[in-house]
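The values are calculated or read from the model by the stated rules, or taken from the named source; none is laboratory data. Quick caveat: nothing in here was measured; it's all calculated off a predicted structure. Note that we place each Cβ from the backbone using ideal geometry, even for glycine, and neighbour counts take in every protein chain shown. Quick note on the areas: whole protein, heavy atoms, side chains included, nothing else; ligands and nucleic acids left out. Shrake-Rupley method; radii C 1.70, N 1.55, O 1.52, S 1.80 Å.
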Amino acid sequence: MTTTDELSVISQIRGEVRGNTEPTGENLFLAWGYPTAFFLLVEFFALILWNKVWCSWIWLGIPLVGTPLMMYFLNEDYERTHRRTLEQNVILQMWVFVGFLSCLGGATMGFAGLFPILYCTFQGLLVSFGCLMTGLILHFRPKTVCGILGSVLSFVSLFFQGDLWPWQLLVAVFVTVLTLIIPGHLFRRYVRKQYKE
């Protein structure tokens with residue numbers, strides 16, 4: 001066996017070990033992105049069709065689906081690696097806080113009568129901030145750029161007031177796609193290319 005062959009084998013083994021032990025969290029953005037986009041779209045169509053008060057509470061499906069998915073992927077990552085990096089802990093705690101604020105803000109605004117005026121902007125800004133900070137912590141530029149663009153787009157929803165309010169939800173869907181789904185897929189592809197090939 002030549003030196004080149006030995007180096008190739010060592011590099012291959014190192015790549016396999018790293019791929020099996022490096023915690024990535026590659027699916028977390030998608031675990032929240034798809035349920036958020038789905039329930040906001042359902043709420044949008046329900047409000048367009050029926051325009052009833054109960055339609056405004058459909059968004060509660062987001063944490064009911066997103067939380068178990070997040071726990072599943074976190075547990076899967078931890079089972080594989082048996083550790084979490086400092087960056088992962090910071091990002092996880094930040095997203096738990098963002099989710100808590102989003103739910104608390106939605107419930108409070110619902111009872112205070114501010115939900116149709118501010119919630120989509122509030123939620124969009126929180127998610128965009130989370131995307132931006134995740135990108136900065138991980139040095140992953142697509143998440144940083146998507147976070148900035150999502151923040152700007154969140155303010156567009158303020159222009160849809162009164163009878164146009166359901167259209168705020170459509171803006172929120174675009175913000176979700178921009179800040180969770182697109183960077184989620186880009187990050188997943190990046191992680192698989194880095195650690196699993």
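Scanning region 100-139 for residues that are within 20 Å of residue 34 (Cβ to Cβ) and out of contact with any Gly (no Cβ under 9 Å at 6 or more places or on another chain), which turns out surrounded by the fewest Cβ atoms within 10 Å (Cβ to Cβ)?
Among those residues, the one meeting the criterion is 103.
Just to verify a result, which residue in region 163-197, among those that are part of a loop (DSSP other than H, G, I, E, B) and open to solvent by less than 100 Å² (accessible area, probe 1.4 Å), is farthest from residue 51 (Cα to Cα)?
Residue satisfying both the conditions and the ranking: 196.
Can you tell me how many residues within region 31-58 are open to solvent by less than 20 Å² (accessible area, probe 1.4 Å) and within 18 Å of residue 175 (Cβ to Cβ)?
Qualifying residue count, region 31-58: 9.
Would you check if residue 97 is touching a Ser or Thr at 6+ places or on another chain (Cβ under 8 Å), in a helix (DSSP H, G or I), surrounded by fewer than 16 Cβ atoms within 10 Å (Cβ to Cβ) and aromatic (Phe, Trp, Tyr)?
For residue 97, the condition - touching a Ser or Thr at 6+ places or on another chain (Cβ under 8 Å), in a helix (DSSP H, G or I), surrounded by fewer than 16 Cβ atoms within 10 Å (Cβ to Cβ) and aromatic (Phe, Trp, Tyr) - is not met.
Kindly indicate whether residue 144 is assigned to a helix (DSSP H, G or I), surrounded by fewer than 20 Cβ atoms within 10 Å (Cβ to Cβ) and among the polar types (S, T, N, Q).
Here the answer is yes, as residue 144 does meet what is asked.
One line per residue, one yes/no per condition, for (1) farther than 20 Å from residue 41 by Cβ; (2) in contact with a Ser or Thr (Cβ under 7 Å, 6 or more places away or on another chain):
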site	(1), (2)
111	yes, no
143	yes, yes
153	no, no
190	yes, no
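Determine whether region 11-26 contains at least one residue that is open to solvent by 20 Å² or more (accessible area, probe 1.4 Å), modelled with pLDDT of 75 or more, more than 14 Å from the chain's Cα centre (by Cα) and aliphatic (A, V, I, L, M).
No, region 11-26 has no match at all.
Look through 124, 106, 135 and report the one residue that is farther than 14 Å from residue 40 by Cβ, part of a helix (DSSP H, G or I) and of a type in the set (Gly, Ala, Ser).
135
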